[in-house]
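Engineer: Handing you a structure now.
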Amino acid sequence: MAVADELISLQSLEGRLLFAVPKKGRLLSASLNLLEGADIQFRRENRLDIALVKNLPIALVFLPRPTSPPSSARVASTLVSRASTRCRSMMPGGEELSPEESAKPQGCETVMELGFGACRLQVQVPAKGGYAEGKDLIGKNIGTSFVHLAEEYFARLELEKDGLEGVTNGDGGYHLGARKLRTKIIELSGSVEAACALGVADGIVDLVESGETMKAAGLKAIDTVVDSSAILIKSKAPSNPAMVDLIAARIGGVITAQRYVLCQYNIPRTRLADASKITPGKRAPTITTLDEEGWVAVSVMVEKKRIAPAMDELMLVGATDILVLDIHNTRGS
């Protein structure tokens with residue numbers, strides 16, 4: 001961490017909730033959109049990995065993607081609430097955790113899916129080669145940025161091939177115990193997909209979104225190691241639970257607003273049951289009686305991906321004056 005970051009930490013982190021977000025890439029861009037929608041106001045100075053939030057007692061910490069993610073392989077925007085302890089530990093002669101703090105539950109728990117960052121960690125091989133499944137690569141050279149997960153994957157394959165049992169890690173992963181992995185895992189960074197063409201590796205283990213980059217590199221997938229997506233997690237022992245809940249509620253509201261639109265229309269009361277089947281809403285439609293006898297107005301949340309066919313079907317059952325409005329934010333949904 002840069003000296004300037006340490007100065008910010010020493011002077012300003014005490015009493016603030018630490019909120020870790022991805023440092024760069026598409027995950028950062030999507031995370032920043034959530035923060036903006038949740039009215040978390042900050043200014044990140046050039047080259048600094050810490051930013052103080054202006055309108056809430058929060059400090060954002062920009063973290064790089066880990067080279068050895070947990071076996072769940074979910075890239076997470078993370079709520080970490082031990083800000084004061086972290087701040088003290090960065091000072092010269094920083095304090096150890098007190099017995100009271102040590103007795104608190106350790107680790108994190110999932111709060112919600114964030115709806116972005118979906119990808120797969122896959123085993124990819126040359127499309128014109130002779131490898132058809134993961135076990136065909138046992139004993140070969142494998143290029144990857146995810147060394148830990150690749151080692152676990154091939155350890156499991158080697159154990160299955162040899163008819164042996166391995167040792168399960170605390171996170172559910174496999175390792176060979178005293179036996180040595182026959183498959184050579186080569187740690188790479190950057191354009192891992194080029195490793196096969198350059199003769200560096202026989203296959204690779206890398207993250208795939210659409211798969212177009214791998215196809216362009218002449219590769220094909222033969223197995224999926226894990227499915228991955230972005231999630232929000234929090235400490236099991238937050239120092240400020242109310243602030244954690246506030247942030248989670250705001251982010252949850254933004255995510256709901258991104259998924260739904262508000263659909264409003266008028267319809268004869270005799271056709272209301274048909275219309276309600278088309279647009280049942282998240283809980284139930286809001287029905288208002290119109291001044292015109294026999295007619296009602298309906299206001300209902302509809303998923304964006306369903307709104308066009310829903311409007312077509314509403315017209316067929318007699319709905320009129322159909323309007324669709326954007327939802328900028330929401331709570332309690």
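Engineer: Consider residue 224 carefully, then state whether it is farther than 29 Å from residue 106 by Cβ, assigned to a helix (DSSP H, G or I) and hydroxyl-bearing (Ser, Thr, Tyr).
Structural biologist: Answer is no for this residue.
Engineer: Shifting gears a bit: In contact with a Leu (Cβ under 9 Å, 6 or more places away or on another chain), modelled with pLDDT of 90 or more and within 29 Å of residue 18 (Cα to Cα): does that describe residue 144?
Structural biologist: No.
Engineer: Of all residues in segment 195-215 being outside any loop (DSSP other than H, G, I, E, B) and of a type in the set (Val, Ile, Thr), which is surrounded by the fewest Cβ atoms within 10 Å (Cβ to Cβ)? So that I can check it myself, show each step before the final result.
Structural biologist: Quick first cut of segment 195-215, residues outside any loop (DSSP other than H, G, I, E, B) only: 203-208, 212-215.
Now drop any that are not of a type in the set (Val, Ile, Thr), which leaves 204-205, 208, 213.
On the way: 204: 29, 205: 27, 208: 18, 213: 16.
Per the stated criteria, the residue is 213.
Engineer: Being part of a helix (DSSP H, G or I) and buried (at least 16 other Cβ atoms within 10 Å of the Cβ), is that true of even one residue in segment 237-244?
Structural biologist: yes
Engineer: Is it fair to say residue 286 is free of Cβ contacts under 8 Å to residues at least 40 places away in the same chain, in contact with an Asp or Glu (Cβ under 9 Å, 6 or more places away or on another chain) and not small (Gly, Ala, Ser)? Don't jump to the end; show me each part of the working.
Structural biologist: Values: free of Cβ contacts under 8 Å to residues at least 40 places away in the same chain: yes; in contact with an Asp or Glu (Cβ under 9 Å, 6 or more places away or on another chain): no; not small (Gly, Ala, Ser): yes.
No.
Engineer: Please enumerate the residues belonging to segment 13-36 that are under 19 Å from residue 254 (Cα atoms) and open to solvent by less than 30 Å² (accessible area, probe 1.4 Å). Before you say what the answer is, go through the steps one by one.
Structural biologist: Of segment 13-36, the ones under 19 Å from residue 254 (Cα atoms) are 19-22, 26-36.
Those that are under 19 Å from residue 254 (Cα atoms) and open to solvent by less than 30 Å² (accessible area, probe 1.4 Å): 19, 20, 21, 22, 28, 30, 31, 34, 35.
Engineer: If I ask for residues that are touching a Gly at 6+ places or on another chain (Cβ under 9 Å) and either among the aliphatic types (A, V, I, L, M) or open to solvent by less than 10 Å² (accessible area, probe 1.4 Å) (or both), which ones from segment 116-143 would you list?
Structural biologist: Correct list: 123, 124, 125, 127, 134, 137, 142, 143.
Engineer: Does residue 260 meet the test of being within 30 Å of residue 31 (Cβ to Cβ) and among the hydroxyl-bearing types (Ser, Thr, Tyr)?
Structural biologist: Criteria met by residue 260.
Engineer: Taking segment 256-281 as the region of interest, how many residues are open to solvent by 30 Å² or more (accessible area, probe 1.4 Å) and in contact with a Ser or Thr (Cβ under 6 Å, 6 or more places away or on another chain)?
Structural biologist: Matching residues across segment 256-281 total 2.
Engineer: Tally up the residues in segment 196-235 that are among the hydrophobic types (A, V, I, L, M, F, W, C) and under 30 Å from residue 20 (Cβ atoms), please.
Structural biologist: Of the residues in segment 196-235, 11 are among the hydrophobic types (A, V, I, L, M, F, W, C) and under 30 Å from residue 20 (Cβ atoms).
Engineer: Then there is this: When you check residue 92 against the structure, is it surrounded by fewer than 13 Cβ atoms within 10 Å (Cβ to Cβ), over 28 Å from residue 247 (Cα atoms) and either modelled with pLDDT under 85 or under 16 Å from the mean Cα position of the chain (by Cα) (or both), yes or no?
Structural biologist: yes
The values are calculated or read from the model by the stated rules, or taken from the named source; none is laboratory data. Please read these numbers as outputs of a predicted model, since none were measured by experiment. Note that each Cβ is placed from the backbone with ideal geometry, even for glycine, and that neighbours are counted across all protein chains shown. What goes into the accessible areas is simple: the full protein's heavy atoms, side chains included, and nothing from ligands, DNA or RNA. Shrake-Rupley method; radii C 1.70, N 1.55, O 1.52, S 1.80 Å.
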